[in-house]
Amino acid sequence: MRMFRTKLALTALLMAAPLFGAGQAAAAEPISYGGDCVLQPDNRAATVAALNTKCNGYQLYDIYSKATPGTVPNGRKAGLVNTPSIMVPIASPLWYGKVFFTGGSGGYLTNQTIAGDMVNADVRLGPSPLDGKPAWVLDYTNSPAPFIVDEIREVTPGVWFGYSWWRREAGEKTPLLTFILS
């Protein structure tokens, strides 16, 4: 009988816990990088909007350099070019994002373009061309665009920020643009 009462008491406690907020995850706090550049870990749309319109180049670099690679993206991710401003009107009607075919350690992707899904890249964890720290490297060596390499890091859950580079001779890289995936 005592065992029955103990089980009954535990069941009642577990059922009542949500009424008192027990067992619920706390909302993630916004992350401010100064001014209106605030990332919202619980709100992808707000984070994308902040990265795209509220954060300057120094803040974007700060956000990227403090981020870890995070999870490797998988599936369709909407894309948005956000700098330099001259590239935004050119890229926006042509490129929509990326489709990732990945597991825990990488895989490959294809870009979503006005002409359909095309231009594959290998996805792997590697050193960032920007700061040498770990990032998801999107390597186009075996594609029609072997002179391009991208890198991304997950800045909030489900939002990746990245840099695209032009590979030059002797391993040098020139920055082309930054982009957001969500």
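Here are a few things to note about the model shown:
- Unique residue being without any contact (Cβ under 8 Å) to a residue 12 or more places away in the chain, within 14 Å of the chain's Cα centre (by Cα) and closer than 26 Å to ASP42 by Cα when the list is LYS98, LYS66: LYS66
- Of all residues making up segment 127-141, the number that are in a strand (DSSP E or B) and surrounded by fewer than 17 Cβ atoms within 10 Å (Cβ to Cβ): 2
- Within segment 111-126, being surrounded by 15 or more Cβ atoms within 10 Å (Cβ to Cβ) and within 16 Å of the chain's Cα centre (by Cα) holds for ASN111, VAL123, ARG124, GLY126.
- Test for ASP150: is it closer than 19 Å to GLY79 by Cβ, at pLDDT 95 or above and either surrounded by fewer than 19 Cβ atoms within 10 Å (Cβ to Cβ) or not β-branched (Val, Ile, Thr) (or both): yes
- Selection within segment 166-182 - farther than 21 Å from TYR96 by Cβ and either in a loop (DSSP other than H, G, I, E, B) or touching a strand residue (DSSP E or B) at 6+ places or on another chain (Cβ under 9 Å) (or both): TRP166, ARG167, ARG168, GLU172, LYS173, THR174, PRO175
- Within segment 61-93, the set of residues being of a type in the set (Val, Ile, Thr), part of a helix (DSSP H, G or I) and buried (at least 17 other Cβ atoms within 10 Å of the Cβ) comprises ILE63 only.
The values are calculated or read from the model by the stated rules, or taken from the named source; none is laboratory data. Treat the numbers as computed from the prediction; the structure is a model and nothing was measured. Note that we place each Cβ from the backbone using ideal geometry, even for glycine, and neighbour counts take in every protein chain shown.
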